[in-house]
Amino acid sequence: MINPVYFFRIISYIFDNILIKDNNKIVFNSDPDVSDNSYALYLYIKENCPDLKCYWIVTNTNYENSNLSNIYNLYSLMGLYNIFTAKYVVSNHCNDFVEVINSKKHIWLNLWHGMSMKTLGYSEKHIPKKILSRYKKLGQRAYQFVSSDLFRIIMTSCFGAEYNKCFVTGLPRNDKIFDLLNDELITKYLKIKEYEKVILYAPTYKEMRRSKVREVNKPFNNIFYMDDYDNEDFLKYLDKNKILLIVKPHPFDEEFYKEHVQNLYKSTSNVKIIYNDDLNKLNINLYEMFKYVDVMISDFSSITYDYLILSKPVIFINNLEDEYNKNRGLILEDNYELLMPGQKVSNFGQLCSAIEDAIIHDSWKEERMAKLPLIHKYMDDKSSQRVYEIMKGL
């Protein structure tokens, strides 16, 4: 009996190669649906390029967005038709969308979802063959877009991509860092005026990454995974110093946070956990909030690189370094800290001291400024424009 997946691949390959591509049609895909660099480029094109016809392809069959038209499920007839007839395709992940792109007649833009601290693709440990084949396809078929010359080398290596098919443009999502449109709404939503300082905690995912594969084996005991963490003391510290702690879980971890974490902070106004649905309902982008954040706390998440554009302090929690190196691997391996211009902490006492230093002294400012050009060639709101101009020239 023929596997229906193989049958679908054969049929889609035939139609994708025989259907004529519309030079003014572009389809977007992202994971999560309608987000990240793909969505930022979409917004730029909708505003500045009225001649292009834009379509969204989503993988969640229940996804709805009242602000969008021309949105179709990946495996619907109209979804496939629009993919097969589009000249341009834009993606940011190694998801099912990658499997559907067959024709070399597409101009494919891989915007990815950040400049990684963790290994990717060909450099990654324990990667399933199916996912590695998707990286290979992205590397061979798509054009890559990165934030600096250093990451041009890193990302082409991870994807096995041609160096001259990778462009240093900056990441489209970072344009939102400079967006002032929702400032009034954000200050009201976060109640900024009630606090002296704002800290954003935005860790990478800890829970299920792929089926039966975990990034971290350490059992959950607190959001920082620190054995000496004292929740009562920390909440007293935040309240005493009028600090708002915004906690933004990784999308992969949101269900875990809703089940195990959010009840821990119901009694305090100093901790606000924000989920993607909260931002979507308000039509706010997380990056628009960066201007109100005084310090970011993270671990091995690429969001720290984006936040560094504002040259504000970042605190890196590296108490799970050994587990990440064992289960996934870190870019630059033993020298990964070279691209982490901020205080590195592994316990609760160090974290509290680092927060104090970041707020009062900012001891890492000089090193941060020295290393910033390694991470970002551009620190402006023109990344989407640069990507679009290159796209039209391909």
Can you give me the % of accessible surface on the chain that is carbon or sulfur? Probe 1.4 Å, all protein chains present, nothing else counted. 51 percent
Using a Gaussian network model of the chain with C-alpha springs under 10 Å, which one of E99, E254, E366 is most mobile by mean-square fluctuation? E366
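What value does segment 328-394 have for Rg/Rh, both radii from Cα atoms and Rh as Kirkwood defines it? Show your work: numbers first, answer last.
On the way: Rg = 17.2 Å, Rh = 15.0 Å.
Rg/Rh for segment 328-394 comes to 1.14.
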Any idea what the dipole of segment 1-140 comes to, in debye rounded to 20, about its Cα centre with Lys/Arg Cβ at +1 and Asp/Glu Cβ at -1? 600 debye
Whole-percent pair-distance distribution, where bins are 5 Å wide, for the alpha carbons of segment 169-304: 2, 9, 18, 23, 21, 15, 9, 4, 1
Once the dipole of segment 115-194 is set up from charges on Cβ (+1 Lys and Arg, -1 Asp and Glu), the residue from the list L132, N174, M115 lying farthest towards its positive end is L132
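State the extension gain, in nm to one decimal, for the chain segment bounded by E366 and K242, taking 0.36 nm per residue of separation less the distance between their alpha-carbons.
Working: separation 124, 0.36 × 124 = 44.64 nm, distance 2.73 nm.
That pair, E366 and K242, stretches by 41.9 nm at full extension.
Quick check on the chain: helices-only [θ] at 222 nm, where DSSP H runs of length 4 and up contribute -39,500 (n - 2.57) each and the sum goes over total residues. Nearest 500, please. All intermediate terms of the calculation are to be shown ahead of the outcome.
Working: 15 runs with 145 residues, N = 394.
Calculated at 222 nm, the ellipticity per residue is -10500 deg cm²/dmol.
Greater than 29 Å separation of Cα atoms is the criterion. Which listed pairs, K248/K312; K193/K218; K129/K218; K258/K365; K130/K382; K105/K125, meet it? If you can, show how the numbers build up before the last one.
Working: K248/K312 18 Å; K193/K218 38 Å; K129/K218 26 Å; K258/K365 35 Å; K130/K382 35 Å; K105/K125 33 Å.
In this structure, K193/K218; K258/K365; K130/K382; K105/K125 exceed 29 Å between Cα atoms.
Just in segment 186-276: which trypsin sites (Lys or Arg not before Pro) are loop by DSSP and have at most 10 other Cβ atoms within 10 Å?
Passing sites in segment 186-276 are K212, K266.
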With an 8 Å cut-off on Cα pairs and a minimum separation of 6 or more residues, tell me the relative contact order of segment 26-92 in percent. 45 percent
What share of all Cα pairs of segment 1-124, in percent, falls into each consecutive 5 Å distance bin? 2, 10, 20, 23, 19, 13, 8, 3, 1, 0, 0
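Where does segment 46-108 land on Rg(C-alpha)/(2.2 N^0.38 Å)? It would help to have the intermediate numbers written out before the result.
Values: Rg = 11.9 Å, N = 63, 2.2 N^0.38 = 10.6 Å.
For segment 46-108, the normalised Cα radius of gyration is 1.12.
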List the relative contact order of the chain as a percent without decimals, with contacts defined as Cα pairs under 8 Å and 6+ residues apart. 17 percent
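For the chain, what is the Kirkwood hydrodynamic radius in Å, using each pair of distinct C-alpha atoms?
Working: mean 1/r = 0.0452 Å⁻¹.
Hydrodynamic radius (Kirkwood, Cα pairs) of the chain is 22.1 Å.
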Rounded to two decimals, the Debye log10 I(q)/I(0) of segment 138-244 (Cα scatterers, no solvent) at q = 0.22 Å⁻¹ is -1.09
For Q343, residues with placed amide H under 5 Å, excluding near neighbours: V314, F316
In Å², rounded to a whole number, the accessible area per residue of the chain with probe 1.4 Å is 46 Å²
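Pulled fully out, how much extra length does the chain show between N318 and L132, if you take 0.36 nm times their separation in residues and subtract their Cα-Cα distance?
Working: separation 186, 0.36 × 186 = 66.96 nm, distance 2.71 nm.
Net length gain for the segment: 64.3 nm.
Checking a compactness column here: for segment 266-339, what do you get for Rg(Cα) / (2.2 N^0.38 Å), N being the number of residues? Don't skip to the end; give the middle numbers.
Numbers: Rg = 15.1 Å, N = 74, 2.2 N^0.38 = 11.3 Å.
After normalising by residue count via 2.2 N^0.38 Å, the value is 1.34.
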Considering all projection directions equally, how large on average is the shadow of the alpha-carbon convex hull of segment 237-394, in square nanometres? 12.1 nm²
Within the chain: Cβ-based charge dipole about Cα centre, in debye rounded to nearest 20 (Lys, Arg +1; Asp, Glu -1): 1520 debye
Choose one answer from N318, N263, N222: the residue with the largest mean-square fluctuation in a GNM of the chain with alpha-carbon springs under 10 Å. N263
Among D228, D36, D299, determine the one that fluctuates most according to a GNM of the chain built with springs between C-alpha atoms less than 10 Å apart. D228
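The values are calculated or read from the model by the stated rules, or taken from the named source; none is laboratory data. Just so you know, these numbers come straight off a predicted model, no measurement behind them. For neighbour counting, all protein chains shown are included, and Cβ atoms are generated from backbone atoms with ideal geometry for every residue, glycine included. Just the protein is used for accessible areas: all its heavy atoms, side chains included, with ligands, DNA and RNA removed. Shrake-Rupley method; radii C 1.70, N 1.55, O 1.52, S 1.80 Å.
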